[in-house]
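Where a number appears in this text, it was derived from the coordinates with a stated rule and is not lab data. Please read all numbers here as calculations on a predicted model, not as lab measurements. Neighbour counts run over all protein chains shown; Cβ positions are idealised from the backbone, glycine included.
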Ligand SMILES: [Zn+2]
């Protein structure tokens, strides 16, 4: 792992907090939204993730108690052009999210929400379902939250 500046890597063109989501716009014109809660749960710092190899484990954040403000951003600091470091309102600020990690987290959240529902424009709404069963405003059923099926509107 010598070269850290990957030429081909996708860079964010714009990152901003919209409501309680982080909106990511990438160089390749793709866009991702990830809720701040998910972002915090995937905090890659050693205190949150332990000593495990974060890229070797499955995306299952540890169960832990979060204090008030844990899912609210106080600030978002750029780190050396390869990452951002969020400062959370509960005082936690040791997680550094590389671009790749952001994409993985956003992708993991999309997977958890049931996948394949990209008919939402900017400003789509998630029900703020805590824990599992991220209520996704798609399909209109809302029963049991079947993953992966938003085919037939
Ligand atoms: Zn952390």
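Could you calculate the contour length gain from residue 100 to residue 10, that is, 0.36 nm times the residue separation minus the distance between their Cα atoms, to one decimal place in nm? List each step's numbers first, then the result.
Values: separation 90, 0.36 × 90 = 32.40 nm, distance 0.83 nm.
Using 0.36 nm per residue and subtracting the Cα-Cα distance, I get 31.6 nm.
Distances over 18 Å make up what percent of all Cα-Cα pairs in the range 12-112?
On the way: 2153 of 5050 pairs.
When every Cα pair of the range 12-112 is considered, 43 percent fall beyond 18 Å.
Please give the peptides 37-46, 14-23 ranked by average Cβ packing (other Cβ atoms within 10 Å per residue), highest first, as a rough proxy for protection.
Put in order of decreasing packing, that is 37-46, 14-23.
State, as an integer percentage, the relative contact order of the range 12-112 based on alpha-carbon contacts under 8 Å between residues 6 or more apart. Don't skip to the end; give the middle numbers.
Values: 139 pairs, mean separation 21.4, N = 101.
Answer for the range 12-112 is 21 percent.
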